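Novice: One structure is given below, represented as structure tokens, and several questions about it will come after.
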Amino acid sequence: MDFRHFRTFVIAAEELHLGHTAERLGIAQPAVTQQIKALEASLEFKVFRRVRRGIELSELGKLCIAYAHSAMLEPELPALLKRFSLARPDVELELIGIGVQEQLSALGEERIDVAFLRSPAGMAPPAIRISPFSRTPLDVVLARDHPACAATKDRALSLRDLARERLVIVDDPAGIGIGHRALELCREAGFEPRRVLRVADSASVIALAAAGLGFGLVPRNLARFAVDGAVFKPLDMANCFTEIVIATRAFDRSASTREFLRIAADTPGEVAASAPASP
């Protein structure tokens, strides 16, 4: 270990601020950043985590994972967390449920290590790597007394049959997440929804559809959490699915992150090899 790097680490640990560290050492802040990165590369783990007002010492053996709320309701993510915990009981998991855009920002700012989000991920920065994780069919959720339920009792539903209905979707940013995916499928079916009701999460989509306020498109696995009065119907579209992807920093050398991704690649759920960020 280079003594300069160690000295920089000690002063940064005292100051918890890169600018103040640079002032004490009499060097430019980028030089401080480079020395800390070199130290982390030699140790193969992060010694600091960026926070809003500076930096803080990383808790060794800690992995901070953010996730879209609906992702935790599907079986693949809890199964992966269990497998990782059994394989690495020395690593503490910190779980945070936040939106897609905030996940990508938190990754770039090094406030989290891994993110699970619904595709599409939009214009992910080049420094963020997007890897496929799981794929689930999307079903239509309707009120039990909706005419379409009786008309399609024993067959899949055509999305065009609902073209005049209100669409209830998750309020994701434009071009991102399951809300955007629902709009994409409507357009592929040949119509633009006339009325759209935006809500916070997929659970709210189910509840409002059950109350007769419109129809929603939700992951099939969420049927087990259905409220009274909700009916789930398959669609007659071959590409009607939603994907959960894993987002990480492209050059993250953390041993814990690498081990987590290795285990994720072996977790059932149509997991694929890593792919570059979406253009």
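The values are calculated or read from the model by the stated rules, or taken from the named source; none is laboratory data. The shown structure was predicted, so the numbers you read here are calculated from the model rather than taken from an experiment. Here Cβ is always computed from backbone atoms with ideal geometry, including for glycine, and neighbour counts include all displayed protein chains. Keep in mind that these areas ignore ligands, DNA and RNA; they rest on the heavy atoms of the full protein, side chains included. Shrake-Rupley method; radii C 1.70, N 1.55, O 1.52, S 1.80 Å.
Residues are listed down the side, and each one gets a yes or a no for (1) open to solvent by 20 Å² or more (accessible area, probe 1.4 Å); (2) more than 30 Å from ALA265 (Cα to Cα):
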site	(1), (2)
LEU138	no, no
PRO173	yes, no
PHE191	yes, yes
ALA207	yes, yes
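Novice: Would you be able to tell me the number of residues in the range 8-48 that are in contact with a helix residue (DSSP H, G or I) (Cβ under 9 Å, 6 or more places away or on another chain), free of Cβ contacts under 8 Å to residues at least 40 places away in the same chain, in a helix (DSSP H, G or I) and loosely packed, with under 13 Cβ neighbours inside 10 Å?
Specialist: Total satisfying the criteria: 3.
Novice: Given the conditions (1) buried (at least 18 other Cβ atoms within 10 Å of the Cβ); (2) touching a residue at least 24 places away in the same chain (Cβ under 8 Å), and given that GLY212 satisfies all but one, which numbered condition is not satisfied?
Specialist: Every condition holds for GLY212 apart from (1).
Novice: Within the range 105-115, can one find any residue that is within 13 Å of the chain's Cα centre (by Cα), part of a helix (DSSP H, G or I) and among the acidic types (Asp, Glu)?
Specialist: Among the residues of the range 105-115, not one is within 13 Å of the chain's Cα centre (by Cα), part of a helix (DSSP H, G or I) and among the acidic types (Asp, Glu), which makes the answer no.
Novice: Also: Within the range 65-84, track down each residue that is in a helix (DSSP H, G or I), among the small types (Gly, Ala, Ser) and either open to solvent by 50 Å² or more (accessible area, probe 1.4 Å) or farther than 15 Å from LEU261 by Cα (or both).
Specialist: Within the range 65-84, SER70, ALA71 meet the criteria.
Novice: Which condition number in (1) open to solvent by 30 Å² or more (accessible area, probe 1.4 Å); (2) of a type outside the set (S, T, N, Q); (3) assigned to a loop (DSSP other than H, G, I, E, B) is the one that GLY122 fails?
Specialist: Among (1) open to solvent by 30 Å² or more (accessible area, probe 1.4 Å); (2) of a type outside the set (S, T, N, Q); (3) assigned to a loop (DSSP other than H, G, I, E, B), GLY122 violates only (1).
Novice: Considering only residues of the range 243-253 that are modelled with pLDDT under 95 and out of contact with any Lys or Arg (no Cβ under 6 Å at 6 or more places or on another chain), which is nearest to ALA203 (Cα to Cα)?
Specialist: ARG249
Novice: I would also like to ask the following. Sort out which residues of the range 180-228 are closer than 21 Å to PRO75 by Cα, among the β-branched types (Val, Ile, Thr) and not in a helix (DSSP H, G or I), and write them in order of number.
Specialist: Across the range 180-228, the qualifying residues are VAL218, VAL227.
Novice: Considering only the range 147-179, state which residues are of a type in the set (D, E, K, R), in a helix (DSSP H, G or I) and closer than 17 Å to ALA209 by Cβ.
Specialist: ASP161
Novice: Something else now. Considering the range 85-104 alone, what residues qualify as being without any contact (Cβ under 8 Å) to a residue 60 or more places away in the chain, among the hydrophobic types (A, V, I, L, M, F, W, C) and assigned to a loop (DSSP other than H, G, I, E, B)?
Specialist: Selection gives ILE98 alone.
Novice: Further question on the same structure: State which residue pairs qualify: first residue free of Cβ contacts under 8 Å to residues at least 60 places away in the same chain and of a type in the set (Phe, Trp, Tyr) and inside the range 49-71, second residue open to solvent by less than 20 Å² (accessible area, probe 1.4 Å) and outside any strand (DSSP E or B) in any location, beta carbons under 7 Å apart, and separation of 6 or more residues or different chains.
Specialist: TYR67/LEU77
Novice: Just need a number here: residues in the range 41-73 that are at pLDDT 90 or above and out of contact with any Gly (no Cβ under 8 Å at 6 or more places or on another chain).
Specialist: Residues meeting the conditions: 6.
Novice: Looking only at the range 201-219, count every residue that is at pLDDT below 95 and not polar (S, T, N, Q) and tell me the total.
Specialist: The qualifying residues number 2.
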